[in-house]
Amino acid sequence: MTQFEAFLKTPWVYWTLFGAYTGTIVSIIGIILSENRNPLKSLAWITVLMLFPVGGVILYIFFGRSIKNTHMISRRNRRRLRELTIPVQTEPDLSGLSTESRQQVMLARSLTGSLFHPGNSVRIFGDGQEKFDTLLADIASAVSYINLQYYIFQDDAIGTRIADALIERAKAGVKVRVIYDHIGSIHVSNRFFRRMAEAGIEVYPFFKVAFPLFATRINWRNHRKLVVIDGKTGYIGGMNIADRYIDGGRFDCWRDAHIRIQGPAVGALQYSFAVDWRFMGRELLEETVTCGDNAQPGDAGMQMLTCGPTSEWSNIAFLLHKAIGNAKKRVLIQTPYFLPTESLLKALQVAALSRVDVRVMIPRKSDSMILTYASRSYISECLRAGVKIYLFESGMLHSKTVVIDDDFCSIGSANIDFRSFEHNFEANMFIYSTEVNTAMRRRFADDMRHSVRVKLANWRKRPLIHRAFESVLRLLSPVL
C-alpha cells in the first residue's frame, strides 16, 4: 500500500469528503427551496437529487438553474424598438371583441406590454412544401432586409435551398440576419453556416453551447420560428427548416401549422427578433415596419406573446389558462407533447366538466419515445373529466394550436408542456378572427378523420408495463 492510498483511507479524509458532498446536496436543495418555484418542479428536482446523488448534481448543474427576471435588453432599448416596430401608436378599438376576448387582450398587455394589432391578413399552412415554396418566393422578392429565426435550420435539401436564396439576396444588397438555436441545430455542419457568413449574411447561434458555458446554457433553447421580410410580411408557427416537414422523415407524414401574416402584427414579429438579436450582443436594429402598400387588408386581430426562462410570468401558459377558462362552446388543442402544468390540466378538466367540448389531439407515436409515454400519463385524468383525447395515426402531429369557441385561436412554437412554458424561448400569435377560427376548426376536423378517439374503458386495459413506464416518466415531466 502506497503512502497516498493509506492517506485516502484515513477516516478524517473520508468524513471530510462525505461532509463536503452532503453539504453540496443540502446547499442545492436549499437553493431550490429558496427560489419558491412550482412545488411539483421543486419536488421533482429534490427527488432526483436524493435518488441519484452524483447524477442528480450533474443534472441540476446542466438543467436546473434559473435565470428568471433577467433583462434581455434595457428599458430604453425596448421603448426604441416599440417606436420602430409599431406603425400605429394609438390605442386599438376593442369594441368589436367579446368581453372574454377583451380580458385576454388586456392580460397579454399586462404580462408583456404586447399590443393588439387589428386588420391583418393570414394564410395558414399545414403542409411544409406549400409553406417553404411561399417563403422562398417572399425571400426572392425582398429588397431591404430579411430577419430569419429557427430552432432547427437543417443542412438538407430544403435547408440548402433556403440558404441559397438568402445568399442570393445578400449578394444583391439585402440585409440578411439569421438566428438558429445551437442545441436544435447541433448536428448541422459548421460549413453550412460558414458559407452563409462568407456571403455576407449575419448568422449567429442563440446561446452557443461551448465549454465552459456548456453547463449554463444547454437547458435554455430558443424554440421560436419566425421570419420578417422588409417589415411587410411575416411568418410564425411550428415548422422548422428540415426535409421532414415536407417528406415526413421516418413518419408517413409530418402534420404542422404555420402562418403567413401581412399587416401591423408583423411589427410584433420584428420586435421579438430584435430583442433576441440585441440579447445576443448584437446591435440594436433600427429597421422600421410598415403595413405594406400591396398587402391585402384582413379582419384578423392579433396579439403576440413571447415567453422564456427570463420572463417574470409564464406568459403563454397564463393566456391559454385564461382563454380556456373563458370558453363557452369548445376547446380544440393539437400538441406533439402533452405534459400540462397542474393548473392548465385543472383548467381543461373544469371546462370539460362544465360541458364545454374539450378535445386534445396528440400523435400516437411522436419523435420522442420518452415524451410519448410521459404524455400518455395524463390521458386517464382527462378522460375521467370528459376531455376527449384523439391519437393522430397518419404520421407525426407537430402542430401547436389552440382553437376556442368561434373567434379565438393560437398558433406558434409552444407545446403544451413544462419545457415550453418554463425553459424555452417561445413565441405564439393569438388571433381574434371568426374566419381564421373557422379555418382552424376545419383543419382539426380533417385531422380527426386520421385519428382514433381514446375510450376510458379500453385505455385502462393497456399493458401494466406501459402504465408503470408512464408513471415513472411523469415524475420527471417538470424537468423533461
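Is there a residue being part of a strand (DSSP E or B) and either surrounded by fewer than 19 Cβ atoms within 10 Å (Cβ to Cβ) or modelled with pLDDT of 95 or more (or both) anywhere in the stretch 266-283?
No.
Against the condition in contact with a strand residue (DSSP E or B) (Cβ under 6 Å, 6 or more places away or on another chain), open to solvent by less than 40 Å² (accessible area, probe 1.4 Å) and in a helix (DSSP H, G or I), how does ALA347 come out, does it pass?
no
Please go through (1) modelled with pLDDT under 95; (2) crowded, with 17+ Cβ neighbours inside 10 Å; (3) of a type in the set (Gly, Ala, Ser) for SER368 and return the number of the only condition it doesn't satisfy.
(2)
Name the single residue that is nearest to CYS382 (Cα to Cα) among those in the stretch 451-477 being open to solvent by 50 Å² or more (accessible area, probe 1.4 Å) and basic (Lys, Arg).
The extreme case among them is LYS455.
Give the number of residues within the stretch 103-130 that are among the basic types (Lys, Arg) and either assigned to a helix (DSSP H, G or I) or buried (at least 19 other Cβ atoms within 10 Å of the Cβ) (or both).
1
Answer yes if at least one residue in the stretch 368-377 is within 21 Å of GLY237 (Cα to Cα) and touching a strand residue (DSSP E or B) at 6+ places or on another chain (Cβ under 6 Å), and no otherwise.
no
Please work out which one of (1) over 18 Å from ALA427 (Cβ atoms); (2) in contact with a Lys or Arg (Cβ under 8 Å, 6 or more places away or on another chain) is the condition SER272 fails and give its number.
Result: SER272 fails condition (1) only.
Provide a single number: the residues in the stretch 131-167 that are within 22 Å of the chain's Cα centre (by Cα), open to solvent by 10 Å² or more (accessible area, probe 1.4 Å) and either among the aromatic types (Phe, Trp, Tyr) or more than 18 Å from ARG191 (Cβ to Cβ) (or both).
1
Just checking, how many residues over the stretch 176-192 are free of Cβ contacts under 8 Å to residues at least 40 places away in the same chain and either buried (at least 17 other Cβ atoms within 10 Å of the Cβ) or in contact with a helix residue (DSSP H, G or I) (Cβ under 8 Å, 6 or more places away or on another chain) (or both)?
Counting residues in the stretch 176-192 that are free of Cβ contacts under 8 Å to residues at least 40 places away in the same chain and either buried (at least 17 other Cβ atoms within 10 Å of the Cβ) or in contact with a helix residue (DSSP H, G or I) (Cβ under 8 Å, 6 or more places away or on another chain) (or both) gives 8.
Among the residues of the stretch 302-344, count how many are closer than 23 Å to THR434 by Cα, in a helix (DSSP H, G or I) and open to solvent by less than 10 Å² (accessible area, probe 1.4 Å).
Total satisfying the criteria: 5.
Every residue, every condition in (1) over 21 Å from SER413 (Cβ atoms); (2) in contact with a helix residue (DSSP H, G or I) (Cβ under 7 Å, 6 or more places away or on another chain), yes or no:
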| site | (1), (2) |
| --- | --- |
| TYR145 | yes, no |
| ASP156 | no, no |
| ALA165 | yes, yes |
| ARG169 | yes, yes |
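Let's see how each residue does on (1) in contact with a Cys (Cβ under 6 Å, 6 or more places away or on another chain); (2) open to solvent by less than 10 Å² (accessible area, probe 1.4 Å); (3) of a type in the set (Gly, Ala, Ser):
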residue: LYS400; (1), (2), (3): no, yes, no
residue: SER410; (1), (2), (3): no, yes, yes
residue: GLU422; (1), (2), (3): no, no, no
residue: ASN428; (1), (2), (3): no, yes, no
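Going residue by residue through the stretch 242-263, is there one that turns out to be farther than 19 Å from ALA427 by Cα, modelled with pLDDT of 95 or more, assigned to a loop (DSSP other than H, G, I, E, B) and out of contact with any Cys (no Cβ under 7 Å at 6 or more places or on another chain)?
Yes, the stretch 242-263 contains at least one residue that is farther than 19 Å from ALA427 by Cα, modelled with pLDDT of 95 or more, assigned to a loop (DSSP other than H, G, I, E, B) and out of contact with any Cys (no Cβ under 7 Å at 6 or more places or on another chain).
Check off (1) closer than 28 Å to GLY231 by Cβ; (2) open to solvent by 20 Å² or more (accessible area, probe 1.4 Å); (3) at pLDDT below 95; (4) part of a loop (DSSP other than H, G, I, E, B) for PRO205 and give me the number that stays unchecked.
Unmet for PRO205, out of (1) closer than 28 Å to GLY231 by Cβ; (2) open to solvent by 20 Å² or more (accessible area, probe 1.4 Å); (3) at pLDDT below 95; (4) part of a loop (DSSP other than H, G, I, E, B): (4).
Mind checking which pairs have a first residue in the stretch 363-377 that is assigned to a loop (DSSP other than H, G, I, E, B) and a second that is β-branched (Val, Ile, Thr), Cβ under 7 Å, 6 or more apart or different chains?
What qualifies is LYS365/THR372; SER366/THR372.
The values are calculated or read from the model by the stated rules, or taken from the named source; none is laboratory data. Keep in mind that what you see is a predicted model, and the values were worked out from it rather than measured. Positions of Cβ are generated from backbone atoms using ideal geometry, with glycine treated the same way; all protein chains shown enter the neighbour counts. Areas reflect the complete protein model, heavy atoms only, side chains present, ligands, DNA and RNA absent. Shrake-Rupley method; radii C 1.70, N 1.55, O 1.52, S 1.80 Å.
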